[in-house]
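Encoded as structure tokens, the structure appears first; notes follow it.
The values are calculated or read from the model by the stated rules, or taken from the named source; none is laboratory data. Quick caveat: nothing in here was measured; it's all calculated off a predicted structure. Cβ coordinates were reconstructed from backbone atoms using ideal geometry, including for glycine residues, and neighbour counts include every protein chain displayed. The accessibility values were calculated without ligands, DNA or RNA, using every heavy atom of the protein model including side chains. Shrake-Rupley method; radii C 1.70, N 1.55, O 1.52, S 1.80 Å.
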Amino acid sequence: MIAIIDYDAGNIRSVEKALSGLGQEVCITRSREQLLNADKVILPGVGAFGEAMRHLHKYGLSDIIHEIVDRGTPFLGICLGLQLLFERSDEAPGVDGLGILKGEILRIPDQNGIKIPHMGWNSLELQNDGRLFRGIKENPYVYFVHSYYLKAEDEQIVKAVADYSVRIHASVEKGNLFACQFHPEKSSDVGLQILKNFAGLT
């Protein structure tokens, strides 16, 4: 069973649909028991960092997420879900993220010819042998929708980068933690392979 964390964020159903299409058993829940008993857990989301953290605290999910990660359960953050795993964001000064990984979320810098939010297809440069990218050819195209980007403290956890006005840490892995700034569920065959790789982790 793959559990998707329900914290009133956008884009949860499309992740459920993609996983179901891969033949996975999926539930959308904020139940502590269901989340702790799941084989894998996903924190998806589209929305604002500060509001998302408020919702995680409101539903008691912040502590549950730490518990899931501490147990070694494979955990995947998608888009806003990636950002929330880190310490802070320019989008919500003074609001602490989950702080499970070290790094910060910065606003994409303004630049002539660059539209913000970054919305659309962008190629990835793969590095550091990411498990999510097994079986995927170099420079795959994936779908992004975001105005803020990750700068991770430890470059070794960064498994894919993208260039859009700045060098974006687009995917990270550390132990049982995985996260993508882009949307695998909207990234055609490449994205489905990423989700399949996550679902197949042992």
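Table for the structure above
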| quantity | calculated |
| --- | --- |
| Filter pass, residue 136 being surrounded by 14 or more Cβ atoms within 10 Å (Cβ to Cβ) and over 18 Å from residue 184 (Cβ atoms) | no |
| Residue match in segment 107-115 (condition: in contact with an Asp or Glu (Cβ under 9 Å, 6 or more places away or on another chain) and touching a residue at least 40 places away in the same chain (Cβ under 8 Å)) | yes |
| Total residues in segment 25-42, condition under 19 Å from the mean Cα position of the chain (by Cα), farther than 16 Å from residue 7 by Cβ and part of a loop (DSSP other than H, G, I, E, B) | 1 |
| Filter result for residue 168 (crowded, with 21+ Cβ neighbours inside 10 Å, of a type in the set (A, V, I, L, M, F, W, C) and over 21 Å from residue 40 (Cα atoms)) | yes |
| Segment 175-188 residues that are under 12 Å from residue 11 (Cα atoms), paired with ones that are open to solvent by 30 Å² or more (accessible area, probe 1.4 Å) and small (Gly, Ala, Ser) (beta carbon under 6 Å, 6 or more apart) | 185/14 |
| Top-ranked residue in segment 1-24 [being in a loop (DSSP other than H, G, I, E, B) and open to solvent by less than 40 Å² (accessible area, probe 1.4 Å); ranked as nearest to residue 192 (Cα to Cα)] | 11 |
| Residue 182 being open to solvent by less than 40 Å² (accessible area, probe 1.4 Å), assigned to a loop (DSSP other than H, G, I, E, B), of a type outside the set (Lys, Arg) and out of contact with any Asp or Glu (no Cβ under 9 Å at 6 or more places or on another chain) | yes |
| Subset of segment 146-161 that is in contact with a Phe, Trp or Tyr (Cβ under 7 Å, 6 or more places away or on another chain) and open to solvent by less than 10 Å² (accessible area, probe 1.4 Å) - its residue that is nearest to residue 128 (Cα to Cα) | 160 |
| Those residues of segment 25-52 which are among the β-branched types (Val, Ile, Thr) and either touching an Asp or Glu at 6+ places or on another chain (Cβ under 8 Å) or open to solvent by less than 60 Å² (accessible area, probe 1.4 Å) (or both), in sequence order | 26, 28, 29, 41, 42 |
| Segment 59-118: number of residues that are of a type in the set (Gly, Ala, Ser), open to solvent by 50 Å² or more (accessible area, probe 1.4 Å) and at pLDDT 95 or above | 1 |
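Residue-wise test of (1) over 18 Å from the mean Cα position of the chain (by Cα); (2) more than 17 Å from residue 193 (Cα to Cα).
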{"site": "107", "(1), (2)": "no, yes"}
{"site": "110", "(1), (2)": "yes, yes"}
{"site": "116", "(1), (2)": "yes, yes"}
{"site": "120", "(1), (2)": "no, yes"}
{"site": "133", "(1), (2)": "no, no"}
{"site": "137", "(1), (2)": "yes, no"}
{"site": "142", "(1), (2)": "no, no"}
{"site": "146", "(1), (2)": "no, yes"}
{"site": "149", "(1), (2)": "no, yes"}
